[in-house]
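A short worksheet on the structure shown next.
Each value in this text was obtained by applying a stated rule to the coordinates, not by laboratory testing. Just so you know, these numbers come straight off a predicted model, no measurement behind them. No Cβ is skipped: glycine too gets one built from the backbone with ideal geometry, and neighbour counts run over all protein chains shown.
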Amino acid sequence: MWKIGRRDLIAGAIAMSGTVSAHAATFKPNWSSLVAGWDTPEWFRDAKFGIWAHWGPQCQPEAGDWYGRLMYVPGSPAYKHHVANYGHPADTGFMDIIGKWKAQAWDPAALLRRYKQVGAKYFMAMAGHHDNFDLYDSAHHAWNATRVGPKRDIVGGWEKATRAEGLPFGVSNHISHAWHWYQTGYGYDPEGARAGERYDAFKLRREQGHGKWWDGLDPQDLYTGPSFVAPDGIASNASMEAWHEVHDGRWLEHAASRNPAFIQKWLLRQNDLVDKYRPDMIYFDDTRIPFGTVGLEAIAHYYNRAIEWHGSPNVVLTSKLLTDYMQGGLMNDVERGFSPVMRAQPWQTCTCIGDWHYNRARYDHKYYVPAQKVIQRLCDIVSKNGNLLLSVPLRGEGTLDSEEEKILDGIAAWLRINGDAAIFGSRPWRIFGEGPTDLPGGKMEEDKASDFTQQDVRYTVNKGALYTVLMLWPKSTLRIASLGRRALGGALIAKAELVGGGNLSWKQEEDALVLTLPPAKPGQMVPVVRLRGEGLTSLA
């Protein structure tokens, strides 16, 4: 009650004054202030589905995730790809990949029209990954997309296109891990013809760029400086990889005392991103928050600016593995994971139909996540009070491939029929569903999930109706125990119809609702049944 009252007081003060000054900031950089003053915006709860362009220079090689780190791990697939296509990392490093990335076919306006047509209700652009390259007009970091690479404001282009389509705009910030993630660039080959020769990050300095494409830039500003430099004398590739895994390859969150300048610069860059692009949503790729109190300063700054822009903190900031208390002040994101239960607080899953960074092998060998699995995932998440943020990888040049287009077409076709009924603007029912499929609960555990069966159903409530999502199109009569008269406390179902398909053959028995659906037509998947009955949507 106090939180709601506080927000009403803020809004009332703004209404009386007619303006919001810089002194109207109300958030302090501590958890009690964040929890007291922020609540999940209704626009986010209604949206349910967003699309993410997790796109930057690591997509240029089209060789999958973490290229900027793994190309410096001798013997790894990324290292082999790099040597074969670009040369040895002592001669050609990741900074040279940035120089080659031109984004020459990128058309943000056309892509946003496409994403909106698919059904996305918000859009997120990556603003900087662990490669420490700012994809915007950065005031505090010279290694940015306006100066090298495409020489365009990538985030600015995305923002303009997103606003033109009337969608909320988000940015993701992954930069906090660069200071340890890049340390492989200071290593060397333990074996082979160039054994012991340090890679480019170890050798290059500003003065060596005179007359080159990176003239005036310091490679150490990109590679973050040496914090965990592998010692001389490591004798094998396996030993080198093990050394890095122990010393810098873990997901370090609060151990950046070796590089305090990086932390302070991170805060300047994050606040600059907020001030320039006024995002409706921010994604931190961090466990809890980056850098402790520094992360709290960044969040308070963002919420205070949102009050100046909107009159209230009508924005969302997500991070990972938040406690229940922390979820009162920002949004919990479950990366590549499910939830086995309905969550009391709104939440988000982020996942991808392929690798986070474009991987040509996914196209060549046809192993993207298909549209049906995306729709099943969306319905499961929404039934449990969550949203799905889906990354659709872009090629280095800035385009979708034909396999991705087919997947988007499948998602769009399903949402055109079922989205306004069972998904957009919906809320969870008293239970999320039923069925035999157990789902793992946790970050990076989606690969452990079993496939959904014909007995798995999910529920949402919207516009006075209860929606029953059948995760697979049933090949025979289906019995749903949670909709029998006994389970519903005697409540009676009055009408059942297939969304987009008319009335169904059905019968509500004491122990189950019995449904018979027509056979699926080509392309049909994940049918949705609309149920109506007295008090059905409000059952507790």
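For region 237-286, run through the chymotrypsin sites (Phe, Trp or Tyr not before Pro) and keep only the ones in DSSP coil with at most 13 other Cβ atoms within 10 Å of their Cβ.
Filter output for region 237-286: 251.
If neighbour count is taken as other Cβ atoms inside 10 Å, put 115, 363, 325, 72 in order from fewest to most.
The most exposed by this proxy come first: 325, 363, 115, 72.
What is the extension gain from residue 191 to residue 409, computed as 0.36 nm multiplied by their sequence separation minus the C-alpha to C-alpha distance, in nm to one decimal?
On the way: separation 218, 0.36 × 218 = 78.48 nm, distance 4.80 nm.
Gain on extension, residue 191 to residue 409, equals 73.7 nm.
So for region 433-538, averaging the separation of alpha carbon pairs under 8 Å that are six or more residues apart and normalising by length, what relative contact order in percent results?
Contact order relative to length: 29 percent.
Given the Cα-Cα distance of residue 476 and residue 400 and 0.36 nm per residue of separation, how much length would full extension add, in nm?
Stretched fully, the residue 476-residue 400 segment lengthens by 23.6 nm.
If each of residue 151 and residue 309 carries a label point 7 Å out from its Cα toward its Cβ, how far apart are those two points in nm?
3.0
Once you keep just the Cα pairs under 8 angstrom separated by 6 or more residues, what percentage relative contact order results for the chain?
Normalised by residue count, the contact order of the chain is 16 percent.
What nm value, rounded to one decimal, do you get for the distance between residue 514 and residue 268 when each label is placed 7 Å out toward the C-beta?
7.3
Measuring from centroid to centroid over Cα atoms, what is the spacing of region 324-363 and region 146-221 in Å?
Taking the Cα centre of region 146-221 as reference, the centre of region 324-363 is 26 Å away.
Determine which residues of region 317-335 fall in the zone a paramagnetic label at residue 30 would reach in this model, i.e. backbone nitrogen under 20 Å from the point 7 Å along Cα→Cβ.
323-330
Within region 433-538, how many Lys pairs that are eight or more residues apart, or on different chains, come under 19 Å at the alpha-carbon?
Final tally of qualifying lysine pairs is 4.
Between residue 258 and residue 139, what length comes free when the chain is fully extended (0.36 nm per residue of separation minus the Cα-Cα distance, one decimal in nm)?
Separation in residues times 0.36 nm, less the Cα-Cα distance, equals 40.4 nm.
Based on DSSP H runs of at least 4 residues, each adding -39500 (n - 2.57), what is the mean residue ellipticity at 222 nm of the chain after dividing by all its residues, to the nearest 500 deg cm²/dmol?
-9000 deg cm²/dmol
What ranking do 414, 429 get, fewest neighbouring Cβ atoms within 10 angstrom at the top?
Lowest count first: 429, 414.
Rg(Cα) of the chain divided by 2.2 N^0.38 Å?
Here the Cα radius of gyration is 1.04 times the empirical estimate.
Where in region 446-484 does the label zone of residue 438 land, with the point 7 angstrom along Cα→C-beta and an amide N cut-off under 14 Å?
Hits in region 446-484 for residue 438 at 14 Å: 448-451.
DSSP beta bridges in the chain, what fraction antiparallel, as a percent rounded to 5?
On the way: 29 of 66 bridges.
Bridges in the chain that DSSP calls antiparallel: roughly 45 percent.
Which residue, chosen from 179, 459, 247, occupies the Cα position most advanced towards the positive end of the dipole of the chain, where the dipole is computed from +1 (Lys, Arg) and -1 (Asp, Glu) charges on Cβ about the Cα centre?
Of the candidates, 459 comes out farthest on the positive side.
Within region 477-540, list the trypsin sites (Lys or Arg not before Pro) lying in a DSSP loop whose Cβ has at most 15 other Cβ atoms in a 10 Å radius.
Counting only loop positions with at most 15 other Cβ atoms within 10 Å, the trypsin sites (Lys or Arg not before Pro) in region 477-540 are 486.
Measure of size requested: the Rg and Dmax of region 433-538, with Cα atoms as the atom set and Å as the unit; please supply both.
Cα only, region 433-538: 14.4, 42 Å (Rg, Dmax).
State whether region 290-375 is rounded, prolate or oblate according to the following rule on the C-alpha gyration tensor (a ≥ b ≥ c being the square roots of its eigenvalues): a/c under 1.5 gives rounded; otherwise a/b larger than b/c gives prolate, and the remaining case gives oblate.
prolate
Fewest first, what order do 406, 366 take by the number of other Cβ atoms within 10 Å?
Lowest to highest Cβ neighbour count: 366, 406.
If contacts are Cα pairs under 8 angstrom and at least 6 residues apart, what is the relative contact order of region 155-202 in percent?
Reported relative contact order: 23 percent.
So if I restrict to the alpha-carbon atoms in region 31-109, what is the Rg, and what is Dmax, the biggest pairwise distance, in Å?
Cα only, region 31-109: 19.5, 55 Å (Rg, Dmax).
Could you let me know the centre-to-centre spacing of region 367-407 and region 447-481, using Cα atoms, in angstrom?
Comparing the Cα centres of region 367-407 and region 447-481, I get a distance of 20 Å.
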